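Participant: Sharing a structure, written as structure tokens. Questions coming.
None of the figures in this text is laboratory data; all of them are computed from the coordinates on show. What you see is a predicted model; the values in this text were computed from it and never measured. Please note: Cβ atoms are built from the backbone with ideal geometry, for glycine as well, and neighbour counts cover all protein chains shown.
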Amino acid sequence: MSTEEPRVIKVFEDLLETPQNRLVEQASQDGRIPIGYSCSFVPEALLMADRLFPVRLHAPGVAGTELADNYLSSLVCSYTRSILEFAMDDRYDLIRGWVTVPSCAHMQRFIDNLEYLKRPDFIHVIDAPRKVNESTLKWHEEELHMLADKLSSHFSVDMGKASLMKAIDEWNRFCVIMNRIGDLRKTPNPPITGSEFHRVVMASLASPKDLILPHIEAFYREIENRESTRKYRARLMVVGGHLHDPEFIRIIESQGGLVVADRFCTGSIPGLIPVHVNGDPIRALAEHTFEKTLCPRMMEDFDRRLNNILDTVKEYRVDGVVIEIIKFCDLWGVDSMPLVSALRKVGIPVLKLEREYRTTGEGQLRTRVQAFIESMGR
Amino acid sequence: MIAAGCDVGSLTTKAVILNNTRLLGHALIGSSFNPEKSAAEVMEKALAAAHLTMDDIGFCVGTGYGRERIGFVKKTISEISCHAKGAHFLQPSMRTIIDIGGQDCKAIRLDEKGEIVKFMTNDKCASGTGRFLEVMAKLLGLELEELGRISGQTTQPINLAATCTVWAQAEVIMHLNDGMSKADLAAGINEAMAARIAILARSVGIEKDVCMTGGVAKNTGVIQAMEKQLGIPMRRLRVDPQMMGALGAAVFARERMGGR
């Protein structure tokens, strides 16, 4: 059994260097249509039908937000400002359509400014409900039907049942392999670190799935029988909103923590679960969105969010939870308060970190994480 | 059983030599751009004060922002744990520690065994840190140590509306130009500092005994303002509060050697 660093990981690292990686370029050159999206409420599988493919909007290496700052207040989160900056700087020039959800007031400002400043040919806002029940499910189903119709008529793509089923099959293949990799993290000596896993997830979300799947499968083959001899002091779970930069997790792990579970917008829990179709694929996608999206924007859903974390803590044998919040994020800022109390109440150590979209202040981050692990007596 | 602790901070570097519970020597120097060099230099001074050499040290722990660059330590521990350990070592009844360093401040709450129950840090902004006082002292043409002493002579402390270091500077300049006395300005600066830190301290849940550590704890004006803000007395420590991180590191080192 090998204990070396996985070699295929370099592929994912390279794919994360730019907002539109070489696989996006390749697919675009082949006449396919990249659709940018920014929220887990957007059903990726729907955007995988026919010639479409989804690209999660991220802003790797963003150095400043001088352009976006002209239009967004400094109290708008740095994620929103970073993607608007990249949009204004034409860093998403291959993106031919934008599908968004006004998950929060900040994201609504992004959409408003994107429309006003860039006047995209195709932009669609999904009016996602804030409660989960039978009537809102129907509402969301109608929303997705509207989106499918609009995509079909604008891009002349096939959004029929067979085409959607094919897209869902591909999404499910992706989820199955990602879950297999994720399951390896439950072992006492996981063959991969949290930052390596995050690189794979982020690169996958920003690439056409069919083109990245062979790399993910190769990665799995490389690590499935690997046994790590890496020493760690505590198994950690990271919880929060958008986390795009694997560097953040690398810093946490540099202090002796091993991130074994990731419950954030761009993590694998509970986002990467297969879609179960029993009848209408759009109905299935609406159900799937509600099932996989445990977002603080949803009302009367706190217990489900909390229980998901508690279950994950048990399943992945987590010693402590790190809650990361982008500064000025209203949703996570508010939700984290009862979350911290509820987790501590059942004896789970919690570290709450406020951060910017791009990882900064490495020294301070290291000190906090080291002290957190020490306070757990490890 | 001789143990040592070395704390490489953003502004100062400290070292403590400990023989069981007895402090044999300590030293403090300004941090240079080279943490490794600062650590070696301060350790040499502390060893000289204790009439010892490096060969006499059984175990040495490093802490502070430069901890990972100290060549001679056998282990590194965060300054949060070290300040807590140092204060609890000196006073086992200590439950809340407020450490104000050069570039951040921390509020730490302990249980009766001295274990950390909760901690909060402010490392996003210079206000509420030693750097804030350094900037203000320079503006008033005072040495840092004088800020506390002179603030005792105030008749009417100014009320600093801005909490941002940059904007507070502009406000102080305006008051200086208006002919406000340095004592009133120094008192206002200390109170502004205390108000910022009190918010952080309350967030961990204040429990007695409470003490302040770090360089700012030498400023009596800030201590008094904190006592006023929190409505409880601050326990004075019998060792220089700025040495607390290095002392805690030395106590950890002693424990590593089997000492209690």
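Participant: Give me the tail of P(r) for chain A as a percent: Cα-Cα pairs with distance above 40 Å.
Facilitator: Details: 6761 of 71253 pairs.
Tail of the P(r) past 40 Å holds 9 percent of the pairs.
Participant: What distance in nm separates the simple spin-label points at residue A:51 and residue A:302, each placed 7 Å from Cα in the Cβ direction?
Facilitator: The modelled label-to-label distance comes out at 4.9 nm.
Participant: A follow-up question, please. Measure off 7 Å from each Cα along the Cα-to-Cβ vector at residue B:125 and residue A:210, then give the distance between these two points in nanometres to one decimal.
Facilitator: For residue B:125 paired with residue A:210, the spin-label model returns 5.2 nm.
Participant: Using only Cα atoms, figure out Rg for the stretch B:15-76 and give it as a multiple of 2.2 N^0.38 Å.
Facilitator: Details: Rg = 11.1 Å, N = 62, 2.2 N^0.38 = 10.6 Å.
In units of the 2.2 N^0.38 Å rule of thumb, it is 1.05.
Participant: Pop the C-beta distance of residue A:327 and residue A:153 into the FRET formula with R0 = 41 Å and round what comes out to the nearest 0.05.
Facilitator: Numbers: r = 40 Å, r/R0 = 0.98.
It comes to 0.50.
Participant: If contacts are Cα pairs under 8 angstrom and at least 6 residues apart, what is the relative contact order of chain B in percent?
Facilitator: Worked out over chain B, it gives 25 percent.
Participant: With a cut-off of at most 10 other beta carbons within 10 Å, and DSSP calling the residue loop, which chymotrypsin sites (Phe, Trp or Tyr not before Pro) in the stretch B:1-83 qualify? Please list them.
Facilitator: On the way: sites: B:33, B:59, B:65, B:72; in loops: B:33, B:65, B:72.
Hits after loop and neighbour filter: B:33.
Participant: Average partner chain C-beta neighbours within 10 Å, per residue of A:359-372? Before the final figure, lay out the partial values.
Facilitator: Values: counts 0, 1, 3, 0, 9, 7, 1, 5, 12, 8, 1, 9, 13, 5.
Across the residues of A:359-372, the mean count of other-chain Cβ atoms within 10 Å is 5.
Participant: To continue, here is another question. With +1 on each Lys and Arg Cβ and -1 on each Asp and Glu Cβ, how big is the dipole of the protein assembly as shown about its Cα centre, in debye rounded to the nearest 20? Please report the intermediate quantities before stating the final value.
Facilitator: Values: 78 positive and 81 negative charges, 416 e Å.
Dipole of the protein assembly as shown, to the nearest 20 debye: 2000 debye.
Participant: May I ask you to derive the relative contact order of chain A, considering only C-alpha pairs under 8 Å and at least 6 residues apart, and to give it as an integer percent?
Facilitator: Numbers: 615 pairs, mean separation 78.5, N = 378.
Relative CO of chain A lands at 21 percent.
Participant: Can you give the calculated 222 nm mean residue ellipticity of the protein assembly as shown, where each DSSP H run of n ≥ 4 adds -39,500 (n - 2.57) and the sum is split over every residue, rounded to the nearest 500 deg cm²/dmol? Intermediate values should be presented prior to the final figure.
Facilitator: On the way: 21 runs with 281 residues, N = 638.
-14000 deg cm²/dmol, from helical runs alone.
Participant: Computed from the mean reciprocal separation of all distinct C-alpha pairs, what Kirkwood hydrodynamic radius does the stretch B:138-238 have, in Å?
Facilitator: Computed over the stretch B:138-238, the radius equals 14.0 Å.
Participant: While we're here: In nm, to one decimal, how far is the residue B:174 label point from the residue A:227 one, both placed 7 Å along Cα→Cβ?
Facilitator: In this crude spin-label approximation the distance works out to 6.9 nm.
Participant: Quick one: pull the percentage of alpha-carbon pairs in chain B with a separation above 30 Å. Each step should come with its number before you reach the end.
Facilitator: On the way: 9435 of 33670 pairs.
Every Cα pair in chain B considered, those over 30 Å come to 28 percent.
Participant: Run the reach check for residue A:138 against aspartates and glutamates, Cα to Cα strictly under 16 Å, same-chain hits fewer than 8 apart removed. What comes back?
Facilitator: A:127, A:280, A:287, A:291
Participant: What's the FRET efficiency of residue B:48 with residue B:255 using the Cβ-Cβ distance as r and R₀ = 35 Å, to the nearest 0.05?
Facilitator: Details: r = 25 Å, r/R0 = 0.73.
The computed FRET efficiency comes out at 0.85.
Participant: How big is the protein assembly as shown on each of its three principal axes, counting only the C-alpha atoms and giving the largest first in Å?
Facilitator: The Cα atoms of the protein assembly as shown stretch 82, 66, 42 Å along their principal axes.
Participant: Please give the charge dipole size of the stretch A:21-157, origin at the Cα centre, charges +1 on K and R Cβ atoms and -1 on D and E Cβ atoms. Round to the nearest 20 debye. If you can, show how the numbers build up before the last one.
Facilitator: On the way: 14 positive and 19 negative charges, 31 e Å.
That gives a dipole near 140 debye.
Participant: Work out the length of the dipole vector of the stretch A:92-214 about its Cα centre, built from +1 on the beta-carbon of each Lys and Arg and -1 on the beta-carbon of each Asp and Glu, and round it to the nearest 20 debye.
Facilitator: On the way: 16 positive and 16 negative charges, 82 e Å.
The calculation lands at about 400 debye.
Participant: Further question: So for each of A:107-115, A:333-341, A:242-250 I average, over its residues, the number of other beta carbons within 10 Å; can you give me the resulting order with the highest mean first? Before the final figure, lay out the partial values.
Facilitator: On the way: A:107-115: 19.0, A:333-341: 16.1, A:242-250: 23.2.
In decreasing order of mean packing, A:107-115, A:333-341, A:242-250 become A:242-250, A:107-115, A:333-341.
Participant: Rounded, prolate or oblate: pick one for the stretch A:21-157, where a ≥ b ≥ c are the square roots of the eigenvalues of its C-alpha gyration tensor, a/c under 1.5 means rounded, and failing that, prolate if a/b is larger than b/c, else oblate.
Facilitator: On the way: a/c = 2.03, a/b = 1.16, b/c = 1.75.
Here the stretch A:21-157 falls in the oblate category.
Participant: Then there's this: Round to the nearest 0.05 the FRET efficiency obtained for residue A:75 and residue B:56 when R0 = 51 Å and r is the Cβ-Cβ distance. Write out the running numbers ahead of the final one.
Facilitator: Details: r = 56 Å, r/R0 = 1.10.
According to the calculation, E is roughly 0.35.
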